[in-house]
Amino acid sequence: MSEEGQIANRQLLFILFTMRATIAVAFLPVVTTGDARQDAWAAGLVAVAGSALIAKFIGSLGSRFQGKTVVEYGQELLGGFLGKAVSLIYLWVFLFIAAVDVRVYGEILITGFIPETPLIFVISTMVIASSYAAYKGIEVIGRSADLILPMFVTMVMTTLLVAVPSMDVGRLQPTLVRGIRPILRGSITPTCIALQVMTLPILMPRVKDQERATATAVWAVALASLLLLPGSVVTIGVLGADLASRSVFPFFSLARAIRLTEFLERLEALVVFPWGLGLFVGVSVYLYCGAKGLSQIFNLRDYRPLIPPMAAVWIAMSLQVSADMFELSRFFRPEVIGPFALILIGVPHGLLWGWKAWAKGETKMSGRSRIMAIILIWILLISTAGCWNRREPENLAHALGIGFDIDDKTGLYKAYVQLSNPQGSGDSSQSSEKGSPSAPAWTVSAEGRTPYEAIFNTVPFVSRELSVAHVGIVIISERLAQKGIGPILDVLERERTLRTTIRPLVAKGDVGELMTASLPLEEVTSLGISRGMSVARLERSILPAKYVTEVIDTLAQPGKEPLLPEIEALDNEDAASSEKEANQKPPLKAAGGAVFRSEHMVGWMDEREIRGWSWLTNNVGKAIVVIDLPEREGEYMTVIISQASSKLKAIVDGDDIRFELKLSVDGRIEDQTAPIDLFENRENVASMNRRIATVIRNDIEKALTKAQSLGSDVFGLGWLLYRTRYKDWLKVEDRWDEIFPLVSVDMDIRVDVRRSGLITKGGAIW
């Protein structure tokens, strides 16, 4: 007997919204940023109108034939043979789109979470669970959407909100300067994803108030499109247009890049669960509509017996729909999905055109039933899919830091992997390449033709399975940095288990020596370096350690070059104050920075030059400025800079390009070597502020001179010109390497030392 359940308009909206949003969240904005770049949000806005029109176009046909599916009224309009032929187009669309959706689901889980699990198993669990829901009928599917959609929307919005602090608004600039054509091209894919609305002519008879069904479908796809707008903005703001366009699944890359605390990061595992549930709704609808339509073509009373064979066909087709992930991604390119959607929408509806009407109504759903069991079954099934790559904690060797070098003669990469030792006693002095049973960490090394092979070749030296999920830093040798860091960044970006919050550093000296150095107060070198970089950044305004995603984004931006932190081992003669200390391994120092042109290192900046870079780029944490006291030769004052804010502006006058810096600095006096009256004699205060401004100016000039001499725009002056004066940038884009060494920066530095300490004497500090 046929299923007679019905759904409410609300549930129809939830179903279509979920079907559209889940697949769009997986792939967008990868397909829009490729053409529209930072204007992907505008492409999404165009897609709101485009998808709504498609929904209106498809849904308008069913309102004239109340209680009938497209299979039934298609035969009435076109005759039995032609009507069934048109209906088969619908069924093929259901089959193909569902196969693509299920394949996307399988690829995401295997790529990001369970790589050892067979693809057929992952796909089969989804299809079997969806088959059960389709068998129970549209009423159960509608109830599923009631429960799942709030979880899905909450997941998306929460991910976007927690990612907002990591956004760089500059990555969204310049806006709307590439013209309308890239935006229109970028809107094709999000518009064509509205093909899910082709299920409406099958679902409409099961909607109680059919007159409102079309309007509900329009609202569903429009609201789903609007949800994608902030998704595009935040994703590009965090990852950058280049990285977002190259990511296979950019939304999950976004979740992977989120870091709330030192211990709460990589939230993609929490994101994939509600997303999978949303996809479950869509696949269930396709199965239901496919079986329902096919039963009407063959005049069967019950659609349910058709579900098992259709599910089997679905599994087989999802495995064959593409050879690999690259081919699957190409399906969503505008030049592929555009003609695909045009034909599949235009052919059947072109034949049926002229039969349209506005639909209005309201429905109400009764029926509780079995939905919790369906969800539970799906959860249990998918949870078992991880058994193939189960990794017991006691069988893992956790890498904490990785170092890379290259042999100039052989061209082989050398990897140093520092591993934690859960059996260690805490005596860090015993940490070495040979290792020690009582050391808290030990370092192994191996060579390879690629960076990943070098890491992989360390496995024979380890008695456990190597895990790189906890790596916090990567140290790159100077000669490898000079050769190019592209291969290192590639493995750091591509390897799914590595954190996106890894900090790359450049070693001044031997990498192996750095990886095994003994740090005061620290048991493990890698952890000590990572912690030390964070502390020093706050306390001394040294170069902030950038995440690998930030470095990749910098390389992709026009008019901007990378600047990576320097780490070096001090010589024993410089570091030791006694014979006993001289016998220890050298401590480490992080103060300067490695300057790059593209991916190749071209020189160094010292600590003072890095501080100048920080003043100019608004990256000052806590800075210490020492000035000589007015009218007191050989006496000094220390001022702590507690707050610094800079604004940089590009000025273009014909062929003349210059920049204006407005820098506001607040500070407090920390100490001085002689008393000076700052309360009664206000000239002393003005003189002090001027001297501080002079020190800051000299720091900036020194840094600018060094960068210009190396031909590396580490300040991003060209990028500022690109973002704020795009037309002017186009005139000099090809010549920026020649222009940058000649540009000047006009500085307006305002210093205000507001606090003098707690001790005064006779109107004078001290």
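The values are calculated or read from the model by the stated rules, or taken from the named source; none is laboratory data. Bear in mind the structure is a predicted one, so any value in this text is a computation, not a measurement. Positions of Cβ are generated from backbone atoms using ideal geometry, with glycine treated the same way; all protein chains shown enter the neighbour counts.
The residues of the stretch 615-672 that are over 22 Å from Leu543 (Cβ atoms), modelled with pLDDT under 80 and surrounded by 14 or more Cβ atoms within 10 Å (Cβ to Cβ), listed by number, are Pro630, Arg632.
Can you work out which of the residues in the stretch 3-57 that are of a type in the set (Lys, Arg) and surrounded by fewer than 22 Cβ atoms within 10 Å (Cβ to Cβ) is modelled with the lowest pLDDT? Walk me through how you get there before you give the answer.
Narrowing the stretch 3-57 to residues of a type in the set (Lys, Arg): 10, 20, 37, 56.
Pick out the ones that are also surrounded by fewer than 22 Cβ atoms within 10 Å (Cβ to Cβ) and you get 10, 56.
Values: Arg10: 91, Lys56: 84.
Across the stretch 3-57, the extreme among qualifying residues is Lys56.
Looking only at the stretch 67-105, which residues are touching an Asp or Glu at 6+ places or on another chain (Cβ under 8 Å) and surrounded by fewer than 18 Cβ atoms within 10 Å (Cβ to Cβ)? Quick ask: steps written out before the conclusion?
Taking the stretch 67-105 and keeping what is touching an Asp or Glu at 6+ places or on another chain (Cβ under 8 Å), we get 68, 83.
Within the stretch 67-105, no residue meets the criteria.
Every test in (1) at pLDDT below 75; (2) within 22 Å of the chain's Cα centre (by Cα); (3) not hydrophobic (A, V, I, L, M, F, W, C) is passed by Thr554 save one, and that test is (1). Say whether the condition of being crowded, with 19+ Cβ neighbours inside 10 Å and either in contact with a strand residue (DSSP E or B) (Cβ under 9 Å, 6 or more places away or on another chain) or among the small types (Gly, Ala, Ser) (or both) is met by at least one residue in the stretch 181-192. There is at least one residue in the stretch 181-192 that is crowded, with 19+ Cβ neighbours inside 10 Å and either in contact with a strand residue (DSSP E or B) (Cβ under 9 Å, 6 or more places away or on another chain) or among the small types (Gly, Ala, Ser) (or both). For the stretch 127-210, the helices (runs of 4 or more DSSP H) that sit wholly inside it and include 3 or more residues that are over 30 Å from Pro339 (Cβ atoms) and assigned by TED's automatic domain parsing to the domain that holds Ala55 are 138-163. Considering (1) surrounded by fewer than 20 Cβ atoms within 10 Å (Cβ to Cβ); (2) out of contact with any Ser or Thr (no Cβ under 8 Å at 6 or more places or on another chain); (3) of a type in the set (Ser, Thr, Tyr), the lone condition that Ser477 does not fulfil carries the number (1). Look at (1) at pLDDT 65 or above; (2) within 34 Å of the chain's Cα centre (by Cα) and you find that Leu300 fails only one, number (2).
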